[in-house]
1. Take the chain, compute every pairwise Cα distance, and split them into 10 Å bins from 0; I just need the percent in each bin.
2. As an exercise, identify the GluC sites (Glu not before Pro) in the chain lying in DSSP coil whose Cβ has no more than 15 other Cβ atoms within 10 Å.
3. Taking amide H positions as placed 1.01 Å from N in the peptide plane, with prolines and chain starts having none, which residues 5 or more places from L25, or on another chain, fall under 5 Å of its amide H?
4. With the chain treated as a Gaussian network of Cα nodes joined by springs under 10 Å, which of L23, L65, L37 yields the largest mean-square fluctuation?
5. Simple spin-label model, 7 Å along Cα-to-Cβ: I17 to M58 in nm?
6. What is the helix-to-structure angle for 60-80, meaning the angle in degrees between its Cα long axis and the longest Cα principal axis of the chain, kept from 0 to 90 and rounded to the nearest 10?
7. Round to the nearest 0.05 the FRET efficiency obtained for V2 and D26 when R0 = 30 Å and r is the Cβ-Cβ distance.
8. With labels modelled as points extended 7 Å from the Cα through the Cβ direction, what inter-label distance (nm, one decimal) is found for A46 paired with I79?
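What follows is calculated from the coordinates using simple rules that are stated; it is not laboratory data. These numbers were taken from a predicted model, which means no experiment stands behind them. Cβ coordinates were reconstructed from backbone atoms using ideal geometry, including for glycine residues, and neighbour counts include every protein chain displayed.
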Amino acid sequence: MVVLSVGVLPNTDSASIFSDEELKLDPFSFVYQADPLTSPAKTSIAGVFVAGTATGPMDIPDSILSAGAASSEAMSYLIRK
């Protein structure tokens, strides 16, 4: 079997996008998930959600699930506001 893969590196510039608040990163410099079990898309900034490989290496099906969770979290946040 031959497996082809590329390395996954975090975008270290993502933390500097926000000037008002600090976007927390995990020890590996991926975007920190505030509550990965019950709200996997929440970040350290209210109203900012994360999905896919921004949180760490994952395969395509997990990325799709992560995107669905982030869109649900965003819709819920907008409805509450």
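1. For the chain, the pair-distance distribution reads 17, 47, 27, 7, 2, 0.
2. E21, E22
3. Answer set, sorted by chain and number: Y32.
4. Looking only at L23, L65, L37, the largest GNM fluctuation is found for L37.
5. 1.6 nm
6. 0 degrees
7. Efficiency, from the Cβ-Cβ distance: 0.40.
8. 1.9 nm
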